[in-house]
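The values are calculated or read from the model by the stated rules, or taken from the named source; none is laboratory data. Please read these numbers as outputs of a predicted model, since none were measured by experiment. Positions of Cβ are backbone-derived with ideal geometry, glycine not excepted, and every protein chain shown enters the neighbour counts. For accessibility, only protein heavy atoms count, side chains too; no ligands or nucleic acids. Shrake-Rupley method; radii C 1.70, N 1.55, O 1.52, S 1.80 Å.
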Amino acid sequence: MISQVFVLSSKGDHLIYKDFRGEAGSDVVSLFYEKVTALTGDQPPVVMKHKDLHFIHVRQGGLYWVATTTADSSPFTIIEFLNRLTALVKDYCGSLCEKSVQMNFALIYELLDEVVDYGYIQTTSSDVLKNFIQTEAVSSRPFSLFDLSNVGLFGAETQQSKVAPSSAATRPIQSSREQGGKSEIFVDVIERMSVVIGSNGVLMKADVEGEIRVKCYMPSCSEMRIGLNEEFSIGKSQLRGYGAAVRVDECSFHQAVRLDEFDIHRILRLCPSQGEQTVMQYQLSDDLPSAPPFRLFPAIERDTGGRLLMYMKLRCDLPPKSNAVNVCATIPVPKGSISLSQELSSPDQSAELKTQSRAVVWQIPRFTGGTQLSALFKLDVPGLSSASMLEVGPVSLSFELPKFTATGLQIRFLRLSPVQPSPLQRWVRYVTHSDSYTIRV
């Protein structure tokens, strides 16, 4: 049972406030923000208590989504509710950010009225809510597939006729009725890598977590059939097919997915609702089908002038036709580092010394597969000693790999039955993110 729901910006601004039961005053909003900001660390506890009042919150889109309760409610139920509420707001408003919430506050209040009644959760299904929600979303700019020139998915330069822009799936689901009858379906295969590479170059850990997301802009969706690799197998005992095996350790599916064709033909069947939903989640541990995407070859020494020299050579082991974008290497440096001079192998790179975090941040906007880049960093460190040189590392990498999956999972086909009478655009997109990519030096 929920007493209140409110949304705060990262600065504590009150964006949304809804009191369902009148059990606590509006001053609890300021009380929550004071408790959050008073705590040390980047991640405050999800559940906090003040007297008989419990605060349960999630952080999405740079905002605090908070629910309060005075009853003995399950915190996991309320956390799941808040996550579904943020997904609903994203579906109906198009994006999840402070500006979007401010521009669509009337729509969000209407959603809260339908979702929660006197503190009791009624429904979070977009299929049910679309019959009751009448307020239209307000977009900051009109949507157009042709407004981004040649900038495609996740910043990669692509041909528009082949790749949908990354903003294509960030419009309200209700806008599909205003697009001249045009219907669209987006299927995104998103993977996150956690890798640890030892100082000798040996791969010590490699985990991949992935999911298949479907976002539907069709007023009435028929059955969708998603075909995966025929060689897709779950566990080592189920290797199948004649091609290169695509294996995962664990796999789970959305409750709406029918699996009667999955065991034999590797086909997922579902009737997607309007909005975004995760139809499949999977995990692979310590058995990547290919080499890690990046290798680092460091050399660290002290010159005759007492400066710390760090020579970094970073190699991208992706296929030559693939690219990594938004690559960022964070290199911890000794305490007391005061200045940095650099020599970079290409002009589009950049680097700076972050004195507060004691790290050199090396940024590469675009990295072509099969190539390598190098950088020489010269640091002035007063009182540099052999012990302080040991403070260098480990190096953390963050990156995005468009049109690439670490597991090799691919979508063979995407079909709807019966065939839609109106024109339908189907988009399949792949991206791999770095969750934690650490290289010891």
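Count, please, the residues in the range 386-412 that happen to be touching a strand residue (DSSP E or B) at 6+ places or on another chain (Cβ under 7 Å) and open to solvent by less than 30 Å² (accessible area, probe 1.4 Å).
Final tally of qualifying residues: 13.
Please state which of the following conditions residue 383 fails to meet, knowing it meets all the rest: (1) open to solvent by less than 50 Å² (accessible area, probe 1.4 Å); (2) part of a loop (DSSP other than H, G, I, E, B).
(1)
For the range 155-174, check the following and say yes or no: at least one residue is surrounded by fewer than 14 Cβ atoms within 10 Å (Cβ to Cβ), modelled with pLDDT under 80 and touching a Lys or Arg at 6+ places or on another chain (Cβ under 9 Å).
yes
Sort out which residues of the range 261-291 are surrounded by 17 or more Cβ atoms within 10 Å (Cβ to Cβ) and closer than 29 Å to residue 368 by Cβ, and write them in order of number.
Once the filter is applied, which keeps residues that are surrounded by 17 or more Cβ atoms within 10 Å (Cβ to Cβ) and closer than 29 Å to residue 368 by Cβ, the range 261-291 yields 282, 284, 288.
State yes or no: is residue 91 modelled with pLDDT under 85, assigned by the TED database to the domain that holds residue 121, loosely packed, with under 13 Cβ neighbours inside 10 Å and not aliphatic (A, V, I, L, M)? Spell out how you get there, then give the answer.
On the way: modelled with pLDDT under 85: yes; assigned by the TED database to the domain that holds residue 121: yes; loosely packed, with under 13 Cβ neighbours inside 10 Å: no; not aliphatic (A, V, I, L, M): yes.
The answer is no for residue 91.
Pick from 398, 388: which is on the phi < 0 side of the Ramachandran plot, assigned by the TED database to the domain that holds residue 333 and assigned to a helix (DSSP H, G or I)? Outline the logic, then answer.
Values: 398 fails: assigned to a helix (DSSP H, G or I).
Only one candidate passes the filter, namely 388.
Against the definition (open to solvent by 60 Å² or more (accessible area, probe 1.4 Å) and not in a loop (DSSP other than H, G, I, E, B)), how does residue 76 come out, yes or no? Don't jump to the end; show me each part of the working.
On the way: open to solvent by 60 Å² or more (accessible area, probe 1.4 Å): yes; not in a loop (DSSP other than H, G, I, E, B): yes.
Yes; evaluated as a whole, the condition is true for this residue.
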